[in-house]
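Here the structure comes first, spelled out in structure tokens, and everything after it is commentary.
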């Protein structure tokens, strides 16, 4: 069964601290996406990681992909309250017949406290 | 540029009824995907449409159906509603179907369906 596991599912951290969210997946993939969802709002694309070793950074967030380990990380540096949201990873799987499919993690709910 | 628009935002229905949700994609986007979001299951893929054709379908019962019109607008229908259908239903549009190639998904704000 295809699985995408995020951990932790809930994270409460203090402003100014660093932390990493992990996204493990159970099958071969060379594409992975990170999205952010604010409470009561829709999902917004953060990063697209398209190859092994890909690293993308935007402000205090940095995402990386290790396709051999089937692992992506989302690193938060010096967290601020505005980063409080739920973060989802989605793994792009190639199925038979050349079709692709996105498998989503359950999301990591992040609360950054003063 | 207008984003993805979903209507209605909220719906309350009773078991056994049916419901139709609507999604207007970003102008120029021809692909629309639908997802069901629940706290326990996360985002579950429902359908993907491109140029009025269903390209991909998730593992949902036949009570869930959808369609796409020539203007790329899409609707999904759920018949014989069950309590477990209560969820946030999200629509996302993109230039190309995710099943073919990479294209960022632009999500609407969703329709919150409550079945009582």
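Return the residues of region A:55-76 that are part of a loop (DSSP other than H, G, I, E, B) and exposed (fewer than 14 other Cβ atoms within 10 Å of the Cβ); say none if nothing qualifies. So that I can check it myself, show each step before the final result.
Of all residues in region A:55-76, those part of a loop (DSSP other than H, G, I, E, B) come to A:59-60, A:67-70.
Across region A:55-76, the qualifying residues are A:59, A:68, A:69.
Identify, from the list B:113, B:81, the residue that is in contact with a strand residue (DSSP E or B) (Cβ under 6 Å, 6 or more places away or on another chain), away from chain A (no Cβ under 12 Å), touching a residue at least 24 places away in the same chain (Cβ under 8 Å) and in a loop (DSSP other than H, G, I, E, B).
Checking each option against the conditions leaves just B:81.
Regarding region B:8-21, can at least one residue be identified that is within 11 Å of the chain's Cα centre (by Cα), more than 14 Å from chain A (Cβ to nearest Cβ), farther than 20 Å from residue A:40 by Cβ and modelled with pLDDT of 95 or more?
There is at least one residue in region B:8-21 that is within 11 Å of the chain's Cα centre (by Cα), more than 14 Å from chain A (Cβ to nearest Cβ), farther than 20 Å from residue A:40 by Cβ and modelled with pLDDT of 95 or more.
Does residue B:52 satisfy the criteria of being at pLDDT 90 or above, more than 9 Å from every other protein chain (Cβ to nearest Cβ) and surrounded by fewer than 16 Cβ atoms within 10 Å (Cβ to Cβ)?
Against the criterion (at pLDDT 90 or above, more than 9 Å from every other protein chain (Cβ to nearest Cβ) and surrounded by fewer than 16 Cβ atoms within 10 Å (Cβ to Cβ)), residue B:52 qualifies.
Can you tell me which residue is modelled with the lowest pLDDT among those in region B:90-110 that are part of a loop (DSSP other than H, G, I, E, B) and farther than 19 Å from residue A:32 by Cβ?
B:95
Within region B:40-59, track down each residue that is in contact (Cβ under 8 Å) with a residue 24 or more places away in the chain and over 25 Å from residue A:9 (Cα atoms).
Result: B:47, B:48, B:49, B:50, B:55, B:56.
If you take the residues in region A:24-36 that are more than 12 Å from every other protein chain (Cβ to nearest Cβ) and in a strand (DSSP E or B), which one is nearest to the chain's Cα centre (by Cα)?
The qualifying residue nearest to the chain's Cα centre (by Cα) is A:24.
I need the strands (runs of 3 or more DSSP E) fully contained in region B:1-68, keeping only those with at least 2 residues that are under 19 Å from residue B:109 (Cβ atoms).
Once the strands (runs of 3 or more DSSP E) in region B:1-68 are filtered for at least 2 residues that are under 19 Å from residue B:109 (Cβ atoms), what remains is B:5-7, B:10-13, B:19-24, B:31-38, B:42-50.
Table: residues versus (1) within 18 Å of residue B:37 (Cα to Cα); (2) more than 8 Å from chain B (Cβ to nearest Cβ); (3) in contact with a strand residue (DSSP E or B) (Cβ under 8 Å, 6 or more places away or on another chain); (4) at pLDDT 95 or above.
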site: A:38; (1), (2), (3), (4): yes, yes, yes, no
site: A:43; (1), (2), (3), (4): yes, no, yes, no
site: A:51; (1), (2), (3), (4): no, yes, yes, no
site: A:54; (1), (2), (3), (4): no, yes, yes, no
site: A:72; (1), (2), (3), (4): no, yes, yes, yes
site: A:76; (1), (2), (3), (4): no, yes, yes, yes
site: A:86; (1), (2), (3), (4): yes, yes, yes, yes
site: A:94; (1), (2), (3), (4): no, yes, yes, no
site: A:102; (1), (2), (3), (4): yes, no, yes, no
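Give just the number: which of (1) more than 15 Å from residue B:43 (Cα to Cα); (2) assigned to a loop (DSSP other than H, G, I, E, B) does residue A:41 not satisfy?
It is condition (1) that residue A:41 fails.
The values are calculated or read from the model by the stated rules, or taken from the named source; none is laboratory data. Bear in mind the structure is a predicted one, so any value in this text is a computation, not a measurement. Neighbour counts are summed over all protein chains in view; Cβ atoms, including those assigned to glycine, are modelled from backbone coordinates with ideal geometry.
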